[in-house]
Amino acid sequence: MTGVGGPGPGESGSPGRRIGPYEQSLRESRERVEAAARRRDRHRRRVRVAGAAAIAVVVAGLGVAAYRFLGSSEVPTALPTTAAQPTSCSDPVKVRVSAAPAIAPALAAVAENLAKRPDGPCAAFTIDSDEPYAVAGSLVGAGRPDAWVTDSAAWSNRASSISGAALDAGEPFASSAVVLAMKDSRASALGTRLGWADLLGGPVQVRIPDPRRSATGRAAVTVATPLVPESRLRTIASAGPPPPGDGALGEVAGSDGRIGAAVTQAELVAWNTEHPDRSLAAVAPAEGAPAVDYSLVSLTTDAAKKPLVAALAKHLASDDSRKLLQDSGFRTTGGEPANPSPLYGTISVAGRAEGAPLAKATALWTAVSKRTRALLAVDVSGSMLERDTEGKRLDVLQRATVRAVGGANPDTLASLWIYSQHIGSRGDDVRQLIDYAPLGDAKRVADFDKAVAGLDSFAGGGSGLYDTIASSYDRARSTWRAGYTNTVVVVADGPNDDDYGLTLDLLEKRLNAAKDASRPVPVVVLGLGDRVDAAALRRVVAITGGQYVASPSLDRLQPALVTALGG
């Protein structure tokens, strides 16, 4: 049974808690998580669309050409459900590659083509779609893949500073220009006013992703910052991230036309391929922008896997792979990319994402960023050692957690607790692993990564869930900080098992007595699988103004954690 009073769980030293940004309202959190899950479920297939001939459409009276390319090409837009099995052998080595979401489907198609070659490597490549900023913050332990396709050298540098290992990204094998996506009705009305100042100061509210965490955002603000009033940039920065379900492009497609988004050329080609009934126009800013560059980084230390990653890198330079990438909207050394359709203006690449304009923009995003202070308590009871279709449940939790922490808002303060019966030094059901720490600090992010990697050593026993909720709530409430969204995030794998701890009725009474409207601490419970007592937990979180979110798989757990930590 956990002691639920006092400064913290039964550990020596300062209490531990994990904190992350939690910017949306709790209702919006659930909607975003569910939307993300639906999108991932839809993408459990590969969609290839073959078009017809290319035609050009000139918009009369505008002096701007809009080109619609319906080229005879195959554009992969989703990941396969299983790794491609090579024809060259019967017992392949499994190789996992984390890739930037914009290029992950094309990379999977390249790997599939490589697997069909009779002289191909004896490897089964699994391609995961992961934000490079998040991967860069989670290479120390459980989240380390065998190889990584990043979209900025900045993330390679970040990974090196966190992991302490020098990474060689090599030369980019592909790049993609930055464009603005809009509904065609709005884009066609722009005329010749296609400068960054016109586009960001007009009637369309353009979303630019956080340049602290997005290569596209870095590229856009590098050019736009000197050209656009600071007040306008501040408004853009304050808009926050788009909903994660269909992302920025889904938000634009579902709007009344008054929202646009800075995206890569390849992202828009893929969107229009997969959503022909919701296709969007591309607007190319007159001043251009730096390209987003994609490089393959080998991370494996396994001598058997190193040549397999090298074989994939070599195949990326083949004519067939370059053609596939070009058709998907990427520029390669072998040729130009397919353009999105319709296209207004001329796509151009200018400069590099660096220098004073980028520094000014990142400082502005930091100034307006919403701040979250989150205590994360994760279940390490014996049920987490069980296996399901995604593997051991604890492994799923570890991968999702390190990615969420690695990709969190750098202004987030986070603390990490684990819970299982009698896991604490005084027989408590909770144990602190990491005290509140900023996730913008490389050392602290590495500490989180290492702590999550070591959860296996604690796994076992029953779940003291109710005592954990009470104890974590007391801690967050007693250390409440103004100017932050103070929250508790509990990952639960099953019901409360502690017959000697708090009952549901006693927990509800404790929370009702402790809550303070002037110092709110919403409790969010993420329920893994179907053994969680969802009805009971919904009663509990409602007292605090929190929320219960069902997260039956990694596909749902990771976006749920990201949302709970502030997006």
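Counting residues in region 175-327 as N, plug N into 2.2 N^0.38 Å and put the Cα Rg over that result.
Against the compact-globule rule of thumb, the ratio is 1.19.
Taking R0 as 35 Å, what FRET efficiency do you get between residue 389 and residue 503 from their Cβ-Cβ distance, rounded to the nearest 0.05?
0.55
For the chain, with only Lys/Arg (+1) and Asp/Glu (-1) charged at the beta-carbon, what is the dipole magnitude about the Cα centre, in debye rounded to 20?
900 debye
For region 411-567, just list the percent of Cα-Cα distances falling in each 5 Å bin from zero outward, please.
Per 5 Å bin, starting at zero, the Cα-Cα P(r) for region 411-567 comes out as 2, 8, 18, 22, 24, 17, 8, 2, 0 percent.
State in Å² the accessible area per residue of region 77-183; use a 1.4 Å probe, count heavy atoms of protein chains only, and round to the nearest integer.
35 Å²
Taking a probe of 1.4 Å, how large is the accessible area per residue of region 294-445, in Å²?
Dividing the accessible area of region 294-445 by its residue count gives 38 Å².
Just to check I understand the Karplus step: with θ = phi - 60° and J = 6.51 cos²θ - 1.76 cosθ + 1.60, what whole-Hz values come out for region 338-351, glycine and proline as x?
5, 8, x, 9, x, 10, 10, x, 10, 5, 9, 10, 9, x
Out of all DSSP beta bridges with both ends in the chain, state the antiparallel percent to the nearest 5.
Of the beta bridges lying entirely in the chain, close to 45 percent run antiparallel.
Could you give each residue of region 249-260 its phi-based ³J(HN,Hα) in whole Hz, using Karplus coefficients 6.51, -1.76, 1.60 with θ = phi - 60°, and x for Gly or Pro?
5, x, 5, 5, 5, x, 8, 8, x, 8, 10, x
With the crude spin-label approximation of a point 7 Å out along Cα→Cβ, what separation in nm comes out for residue 478 versus residue 165?
Placing both labels 7 Å along Cα→Cβ, they lie 4.0 nm apart.
Could you pull out the pairs from 305/450; 370/443; 323/392 whose alpha carbons sit more than 31 Å apart here?
Table pairs above 31 Å Cα-Cα are 323/392.
Can you give the Rg/Rh ratio of region 284-383, where Rg is from the C-alpha atoms and Rh is the Kirkwood radius?
1.13
How big is region 354-485 on each of its three principal axes, counting only the C-alpha atoms and giving the largest first in Å?
53, 37, 23
Taking every pair of distinct Cα atoms and averaging 1/r, then inverting, what Kirkwood hydrodynamic radius in Å comes out for region 170-221?
For region 170-221, the Kirkwood estimate is 12.8 Å.
To two decimal places, what compactness ratio does region 113-167 give when its Cα radius of gyration is scaled by 2.2 N^0.38 Å?
1.35
Just in region 434-486: which trypsin sites (Lys or Arg not before Pro) are loop by DSSP and have at most 16 other Cβ atoms within 10 Å?
Passing sites in region 434-486 are 481.
Taking a probe of 1.4 Å, how large is the accessible area per residue of region 219-277, in Å²?
For region 219-277, the per-residue accessible area is 35 Å².
In the chain, carbon and sulfur make up what percent of the accessible area (probe 1.4 Å)?
In the chain, the share of accessible area belonging to carbon and sulfur is 51 percent.
Out of all Cα-Cα pairs in the chain, roughly what percent, to the nearest whole number, are more than 37 Å apart?
33 percent
For region 242-328, which trypsin sites (Lys or Arg not before Pro) are in a loop by DSSP, counting at most 14 other Cβ atoms within 10 Å?
Counting only loop positions with at most 14 other Cβ atoms within 10 Å, the trypsin sites (Lys or Arg not before Pro) in region 242-328 are 258.
³J(HN,Hα) across region 412-423 via Karplus (A = 6.51, B = -1.76, C = 1.60, θ = phi - 60°), whole Hz, x for Gly/Pro?
The phi angles translate into 5, 9, 9, 10, 10, 10, 10, 9, 5, 4, 6, 7 Hz.
The values are calculated or read from the model by the stated rules, or taken from the named source; none is laboratory data. In this text the structure is predicted, and so the values were computed from the model without any measurement. Cβ atoms come from the backbone with ideal geometry, glycine included; neighbour counts cover every protein chain shown. These area figures cover heavy atoms from the full protein model, side chains too; ligands, DNA and RNA do not enter into them. Shrake-Rupley method; radii C 1.70, N 1.55, O 1.52, S 1.80 Å.
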